[in-house]
1. Before rounding to the nearest 500, sum -39500 (n - 2.57) across all DSSP H runs of length at least 4 in chain A and divide by the residue total; then give [θ] at 222 nm in deg cm²/dmol.
2. Just tell me how shielded B:195-208 is by partners: mean number of partner chain Cβ atoms within 10 Å of each residue's Cβ, no decimals.
3. When only alpha-carbon atoms count, how far does segment B:178-249 stretch along each of its three principal axes, as whole angstroms with the largest first?
4. How many nanometers, to one decimal and shortest first, lie between the label point of B:Ile178 and those of its other copies, if labels sit 7 Å from Cα toward Cβ?
5. What does the highest-first list of A:142-148, B:177-183, B:156-162 look like by mean Cβ count within 10 Å?
6. How much of the DSSP beta bridge set in segment A:4-173 is antiparallel, as a percent to the nearest 5?
7. What's the angle, to the nearest 10 degrees (0 to 90), between helix B:67-79's Cα axis and the longest principal axis of chain B?
8. Residue by residue through segment B:28-42, which ³J(HN,Hα) values in whole Hz follow from phi under the Karplus form 6.51 cos²θ - 1.76 cosθ + 1.60 (θ = phi - 60°), with glycine and proline marked x?
Protein chains: 2
Amino acid sequence: MYTLLDMPTTGNLNSQLNPHVSVDCVIFGFDEGDLKVLLIERDLDTIDHKTLRYSLPGNLVDDNEDLDTSAGRVLKELTNLDNIFLEQFYAFGDPLRVKNSADAQWLNAIRDVPTARVITIAYYSLVKIGDYQPAPSSFARKAFWCPISEVPALAFDHNKILDQALISLKTKLRIQPIGFELLPDKFSLGQLQKVYETILGTSLDKRNFRRKILNKGFLKPLQEKQKGVPHKRARLFEFDKEAYDKLKSEQFYFEF
Amino acid sequence: MYTLLDMPTTGNLNSQLNPHVSVDCVIFGFDEGDLKVLLIERDLDTIDHKTLRYSLPGNLVDDNEDLDTSAGRVLKELTNLDNIFLEQFYAFGDPLRVKNSADAQWLNAIRDVPTARVITIAYYSLVKIGDYQPAPSSFARKAFWCPISEVPALAFDHNKILDQALISLKTKLRIQPIGFELLPDKFSLGQLQKVYETILGTSLDKRNFRRKILNKGFLKPLQEKQKGVPHKRARLFEFDKEAYDKLKSEQFYFEF
């Protein structure tokens with residue numbers, strides 16, 4: 001357990017924290033066949049209730065740092081995840097968003113100005129779970145990957161923030177080929193379909209999926225086939241970034 | 001000219017304003033063949049310099065209102081535009097964004113806490129200019145449509161906010177058929193192409209444009225032709241919302 005002296009980032013000991021604006025990070029983790037989100041458990045000594053012990057990693061911004069820097073710093077301080085591309089997606093400003101009584105109790109324990117209205121700027125990212133090992137620090141007692149389907153009631157408006165992040169992620173998947181970063185350099189169409197199905201939370205028709213994605217012209221078929229499967233070894237493909245960039249640079253096209 | 005007593009919304013007389021968070025509105029106006037943005041001129045008696053007299057309509061949020069409500073209120077207070085669908089698109093939080101000396105001088109004249117760091121939540125919208133007649137009030141001395149190509153140096157980071165809004169607008173045009181709201185119910189393909197060219201700031205190949213947009217299947221050709229033109233009267237079309245919704249509801253499709 002930590003003491004107040006171990007908490008350089010929670011406000012009591014750092015007069016530079018801005019009590020009115022925070023950042024929250026929704027880190028989606030892809031784990032073949034499963035979509036998860038990075039949560040922290042807050043120190044329970046500061047909360048009587050056992051409710052709302054979990055939250056997204058988030059904290060107040062420092063008064064002299066910009067928002068992007070703040071999001072990266074806060075994520076690292078609470079979970080040790082570093083060098084992740086974080087994309088800002090929405091600001092949440094319900095005047096009552098930190099007024100829940102269990103949350104207020106926690107804020108009373110750790111904030112200089114616990115009753116301040118806090119507007120939060122939310123960021124999201126999508127990573128391969130295998131590439132990152134969360135480790136808690138500051139006011140996080142645990143940092144762990146939670147399957148999207150098992151997310152409990154979270155602190156503040158964090159369930160709403162998560163829902164909105166998921167909408168942003170699905171939209172992005174529709175308009176950009178982000179799935180490829182989650183796969184090895186060489187992959188089968190089955191693996192690619194699984195990425196889409198996992199993020200969209202739905203199953204897709206195999207034939208339609210293949211036809212549509214191959215029609216895009218930026219999947220390069222290789223001579224190689226899958227290894228380590230007994231039979232029906234699938235052909236492997238590579239993402240052809242050059243072909244994709246060419247498509248994007250064409251004068252104009254509709255995507256709706 | 002107003003006196004301080006006429007300024008209920010600028011902070012001196014309203015203790016509920018939150019000095020740390022503001023909203024700014026980027027209202028794009030479409031005027032056949034021209035894309036404009038709604039600007040205000042700030043009262044010059046509060047600025048010695050003649051620089052930075054123009055800005056986007058924006059102000060501090062009220063401490064008990066949510067962000068969307070705040071954006072609508074501020075827009076109405078400064079420009080009299082009302083009932084506009086405002087979409088939040090980005091939060092701007094450079095620690096130095098209100099520290100320019102001319103801006104600081106203006107803030108000194110009208111704010112309770114003129115030195116506070118202000119993070120702003122930016123909104124945008126796209127309207128038909130003919131539908132709205134701006135009228136200035138509060139600290140706006142003028143409210144006017146300015147062609148995008150003629151936007152001067154603006155207060156704070158407002159040029160950057162405008163640039164980002166334009167990117168959001170262009171992205172939205174690519175992924176949603178928003179152009180139709182700017183046209184009469186019945187329109188020619190030439191008129192529609194003009195909307196796209198105006199927003200994208202580029203000319204498009206006529207044949208490609210027609211082929212691509214007609215392929216989408218949600219433009220309904222009418223028997224009617226354009227009126228009021230001497231010859232080569234173009235066929236008119238209607239936007240078929242039902243066909244569009246059907247397309248959107250299909251199980252899954254790529255847009256990249």
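1. -8500 deg cm²/dmol
2. 1
3. Largest first, segment B:178-249 extends 42, 30, 21 Å along its Cα principal axes.
4. 1.9
5. So the order, starting with the most tightly packed, is B:156-162, B:177-183, A:142-148.
6. 70
7. Taking the Cα atoms of chain B, the angle to B:67-79 is about 80 degrees.
8. Those phi angles translate into 7, x, 9, 9, 1, x, 9, 10, 10, 10, 7, 10, 10, 9, 6 Hz.
The values are calculated or read from the model by the stated rules, or taken from the named source; none is laboratory data. Since this is a predicted model, take the numbers as computed values, not measurements. Cβ atoms come from the backbone with ideal geometry, glycine included; neighbour counts cover every protein chain shown. Ligands, DNA and RNA are stripped out before the accessible areas are found, and what is left, the full protein with its side chains, is counted by its heavy atoms. Shrake-Rupley method; radii C 1.70, N 1.55, O 1.52, S 1.80 Å.
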